[in-house]
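Heads up: the structure comes next, in structure tokens.
Just so you know, all these numbers are worked out from the coordinates, no wet-lab data involved. Just so we're clear, the structure is a prediction, and the values are computed from it rather than from any experiment. All Cβ positions, glycine included, derive from the backbone under ideal geometry; neighbour counts span all protein chains shown.
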Amino acid sequence: MRRTPMILDCDPGHDDAVAIMMAGADPSIELLGLTISAGNQTLEKTGRNALNLVQYLNLDVPVCPGSPRPLIRELQIADDIHGESGLDGFTFPPLKRRFDERAAVDFIIDTLLAHPEPVTLVTTGPMTNVALAMRLRPEIIPNIRRIVLMGGSYGYGNVTPAAEFNIRVDPEAAHILFTSGVPLVMMGLDVTRQVLVREEIIERMESVGTSAARLFCDLMRAFNATQREVYSLPGGPLHDPVTIAYLIDPSLFTMQHVHCAIDLSHGESYGRTNCDMFDYLGRPRNVHVAKQIDAEGFFDLVEHTLEQY
Ligand code: RIB
Ligand code: CA
């Protein structure tokens, strides 16, 4: 089987944790490393969560901490959803795993320049690390096969009426990626809100009975409690693993190729992904945006993931 070499840049985070499980388990993905951003919580906490996750899942991948804050804005965290630790709901064994000696930007640059074929980047948090790498060493850009990102929406936002969290935390970083010329695949709220991890889904996964299933269920119950409190949702949208599902089985998705720009004006729509779904302005199409997902097929992938650990 031809494996996809991939770096996952994330801010674990409950849904990031499921993305890490899926990327670490699927034989079609060669997970080269995790680079960590600040977002759901501070970098200190998202970094520690990433180490706990790779240790618990027994994943032999480097974990490289990135920028502790966005390029321009002050850091805005999502502790209302992910809690004080950034991964509330599960108690990990004593942490022994350590960070790789390289910072995220250095790992991204070194890996992209050294790898024999173009590498896929997946971002499931604010895009600060990838943006910094592009600015520092623009020669890496031709070595990026594509970026599959969780972020944005062509509908309404989740931290302002207009903007989604990952983009709103660091709009300038997102602008760098969206104007880089790298092929982009955007998994926005429009599609992630179609896969709510309702209690009946959790109960289905509980019966898998593996250590990963126990981790999934504890984390998702905590995630659902805060999503219910903040958004009155019947289950948390499984945002981040949708990116990995796309890599594994793109046939689960209905996509549209559009022009999309990040709103950098400092008004009500700061950080919005303006997707030109009807091509009103006739600008070059730079993003494949997801519109529909086969939710049943997605949760089958999640179940299969949990069976692998
Ligand atoms: O808006 C959802 C995104 O913000 C997800 O990546 C979640 O983990 C948070 O980072
Ligand atoms: Ca995330």
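Annotations
- For the range 185-218 versus the range 1-51, the gap between their alpha-carbon centres in whole angstrom: 16 Å
- Extension gain for GLN308-SER232 works out to 24.1 nm (0.36 nm per residue, less the C-alpha to C-alpha distance).
- Charge sum, other residues only, whose C-beta stays under 15 Å from ARG198's C-beta, Lys/Arg counted +1 and Asp/Glu -1: -3
- Spin-label model, LEU264 to SER251: label points 7 Å out along the Cα-to-beta-carbon direction sit 4.1 nm apart.
- Neighbours of LEU31 by Cβ distance under 11 Å: Lys/Arg scored +1, Asp/Glu scored -1, total -2.
- Sequence-ordered 3J(HN,Hα) estimates for the range 57-64 from the Karplus curve with 6.51, -1.76 and 1.60 and θ = phi - 60° stand at 8, 6, 9, 8, 10, x, 10, 10 Hz, glycine and proline given as x.
- Distance (nanometres) between label positions extended 7 Å along Cα→Cβ at ARG285 and VAL159: 3.0 nm
- Straightening the chain between SER207 and ASP110 buys 30.8 nm, computed as 0.36 nm per residue apart minus the Cα-Cα spacing.
- Here the simple spin-label model places points 7 Å from the Cα toward Cβ, and for ASN274 and ARG3 these points are separated by 4.3 nm.
- Where both bridge residues fall in the chain, DSSP classifies roughly 30% of the beta bridges as antiparallel.
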